[in-house]
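The values are calculated or read from the model by the stated rules, or taken from the named source; none is laboratory data. All of these numbers come straight from a predicted model, not from anything done at the bench. Backbone-built Cβ (ideal geometry, glycine too); neighbour counts: all protein chains shown. The accessibility values were calculated without ligands, DNA or RNA, using every heavy atom of the protein model including side chains. Shrake-Rupley method; radii C 1.70, N 1.55, O 1.52, S 1.80 Å.
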Amino acid sequence: MLRSLILTRGIHISSANWSSSKAQLLKLRKKTGYPFESCKKALQLNDNSLEKSEVWLKEEAQRLGWAKANKLANRATAQGVIAFAIDNQKEVATMVEVNCETDFVARNKCFHSVVEVVTSSCLDFAKQQKALENSFSKVNLKSGDLMELSGAEGKSLADHVAVTIGNLGENVTLRRATCLNTRDTGLNIMGLTHPSNTTGSQFLSGKYGSLLIYRKQQDGEKMNQRSMESSHDEILRQMCQHVIGMNPKNVGVLNIHEPIKSQEVVPAKTFNENDDSSMDSIDEKNSDSTIEEDGMLEQAFLLDPSITVGQVATDYGIDILDFVRYECGET
């Protein structure tokens, strides 16, 4: 009888311990996202402590990530995304290119997470730059520069990338970034990606991206009646579309009186910022066209080929000072 009671009590205690361990396991798994086996091992090695187990998991992921990163370092990364972020005042912005091996991974949530970390870090870096007198700050960062930047939790972006490589089993690289700061200059920034992402992220990403540095003219007499038909943001977004679709090489010279040369231009309705095929169509048309102008202001406006970009800018009271255009995987 006594032996039976002891045995029953032992089973009850074991069952209670298992329930407690299972609850800890579920909490750790939900909080960290690591596999159950890894979470179970972490709890066993750390006396069922959630805090210590979480630290152990991160250190282990970092170690395994670097090992995987070194192994895959020579693999080509031709896919990926272009992402950008702009502060609320439209005075500080960044655009980044993060690459991976396959388009499948480029759509992966884990990959998007590291893209957000990189974009956020670059935006913080841009905020630290000081605009030049009567101008703006523009800093281009290469892969090595990006890897040294500090990211979330005080870890370098190189460490974040290594963990991502370990999770995905595919090489990931930080190719480049551009950081802009126009504070106290009277200049602002507008941006666009194509196709626009639908992930709900605060950072916009796609295969193409553009940033436009501009100034709004204060003299109302310089603005055409057309400026009342659309908001400045709308026309600026259309100008960003133009940069992506027409790929100008420089800002160019404002000459609103020069007539448009005869040329083949893709109609506005073919440009759908959520459709990859529309951009392919634009690229094919541009490669066969006879467009001679490399300057943005001298080009026929993508969404209305009867006028130049310079004419649109004048009509809406906008001065274009510079732009940035990224295309994923371009050489």
| note | Residues of the stretch 138-169 with backbone N under 13 Å of the label point set 7 Å from the Cα of residue 102 along Cα→Cβ are 168-169
| message | How far apart, in nanometres, would the label points at residue 78 and residue 306 be if each is projected 7 angstrom from Cα along the Cα-to-Cβ direction? | response | 4.3
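Rounded to the nearest 0.05, what FRET efficiency do residue 41 and residue 90 give with R0 = 45 Å and r taken as the Cβ-Cβ distance? Could you check?
Working: r = 48 Å, r/R0 = 1.07.
The computed FRET efficiency comes out at 0.40.
Over 15 Å apart: what share of the alpha carbon pairs of the stretch 64-113 falls there, rounded to a whole percent?
On the way: 728 of 1225 pairs.
Of all Cα-Cα pairs in the stretch 64-113, 59 percent lie more than 15 Å apart.
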| message | Which order do you get for 163, 253 if you rank them by accessible area with a 1.4 Å probe, largest at the top? | response | 253, 163
| remark: One would report the Cα pair-distance distribution of the stretch 65-168, bin width 10 Å, in %, as 14, 45, 29, 10, 2
| In the full protein assembly as shown, how much of residue 234 is accessible to a 1.4 Å probe, in Å² to the nearest 10? | 80
| What is the local net charge at residue 187, summed over the other residues whose Cβ is closer than 10 Å to its Cβ (Lys, Arg +1; Asp, Glu -1)? | 0
| field | residue 29 accessible area, assembled protein chains, probe 1.4 Å, Å² | value | 80
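If R₀ is 51 angstrom, what is the calculated FRET efficiency for the pair residue 321 and residue 29, using the beta carbon separation as r and rounding to 0.05? Present the calculation step by step, with values, prior to reporting the outcome.
Details: r = 51 Å, r/R0 = 1.00.
For R0 = 51 Å, the calculated efficiency reads 0.50.
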| field | Label zone at residue 71 (point 7 Å along Cα-to-Cβ), backbone N below 16 Å, the stretch 146-188 | value | 162-172
| note | Under the 7 Å Cα-to-Cβ spin-label approximation, residue 294 and residue 134 lie apart by a distance in nanometres of 2.7
| note | SASA check, residue 178, accessible area w/ 1.4 Å probe, all protein chains in place, rounded to nearest 10 Å², comes out at 0
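Under the Kirkwood approximation applied to all pairs of distinct alpha-carbon atoms, what is the hydrodynamic radius of the stretch 29-97 in Å?
On the way: mean 1/r = 0.0651 Å⁻¹.
Hydrodynamic radius (Kirkwood, Cα only) of the stretch 29-97 equals 15.4 Å.
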| query | Using a simple spin-label model with points 7 Å from Cα along the Cα→Cβ vector, what separation in nm is obtained for residue 183 and residue 51? | reply | 3.6
